[in-house]
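A quick write-up on the structure given underneath.
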């Protein structure tokens with residue numbers, strides 16, 4: 001994907017999440033499709049917390065600092081936000097839309113050389129901003145598929 005395609009992909013995620021949640025009741029959004037799987041509300045909360053508390057702050061540090069090394073964001077061995085909350089899905093979606101907008105505005109303001117700035121994560125090693133954004137787009141796609149699968153189960 002080009003940088004433009006990456007930004008376009010990231011910009012579409014909040015609308016896609018909203019479409020997938022549309023018409024479902026709060027109890028459906030909170031229902032786990034299977035034992036051990038996250039509910040749609042938990043998936044959205046994971047996207048929000050990840051963007052707000054990990055991804056966007058790291059991107060800003062990568063621009064402002066020389067090759068920062070990030071501590072683990074994992075609350076357990078299974079990864080950060082291993083137990084996301086089921087909260088108000090509407091509020092979480094609005095918050096996710098807002099922080100994703102801030103991330104996109106930040107990325108759109110980067111110069112070519114800025115995309116090559118690096119940071120080191122505990123799980124992915126040293127990445128450029130561009131590689132990190134590529135990971136975020138892949139992460140979005142993974143969770144959008146998870147939301148589609150969950151919706152198919154809980155809307156029955």
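Some notes on this structure:
- Eigen-decomposition of the gyration tensor built on the alpha-carbon atoms of the range 1-64 gives equivalent ellipsoid semi-axes of 27, 16, 9 angstrom, largest listed first.
- Note: relative contact order over the chain, using C-alpha pairs below 8 Å and six or more positions apart, is 36 percent.
- With R₀ fixed at 22 Å, the C-beta to C-beta distance from residue 156 to residue 22 puts the FRET efficiency at about 0.85.
- For the chain, the average shadow cast by the Cα convex hull is 8.9 nm², which is a quarter of the hull's surface.
- Ordering of 130-139, 16-25, 63-72 by burial proxy (mean other Cβ atoms within 10 Å per residue, highest first): 130-139, 16-25, 63-72
- Expected 222 nm ellipticity per residue - DSSP helices of 4 or more, -39500 (n - 2.57), all of the chain, to 500: -18500 deg cm²/dmol
- For 111, 60, order by how many other beta-carbon atoms lie within 10 Å, fewest first: 111, 60
- This ranking places 62, 1, 40 by how few other beta-carbon atoms lie within 10 Å of each, fewest first, which gives 1, 62, 40.
- Ranked for footprinting exposure by Cβ neighbours inside 10 Å, fewest first, 94, 145, 127 give 145, 94, 127.
Throughout, read-outs are computed from the coordinates displayed, never taken from laboratory work. Note that this is a predicted model, so its numbers are computed, not measured. In this analysis, Cβ positions are derived from the backbone assuming ideal geometry, glycine residues included, and neighbour counts consider all displayed protein chains.
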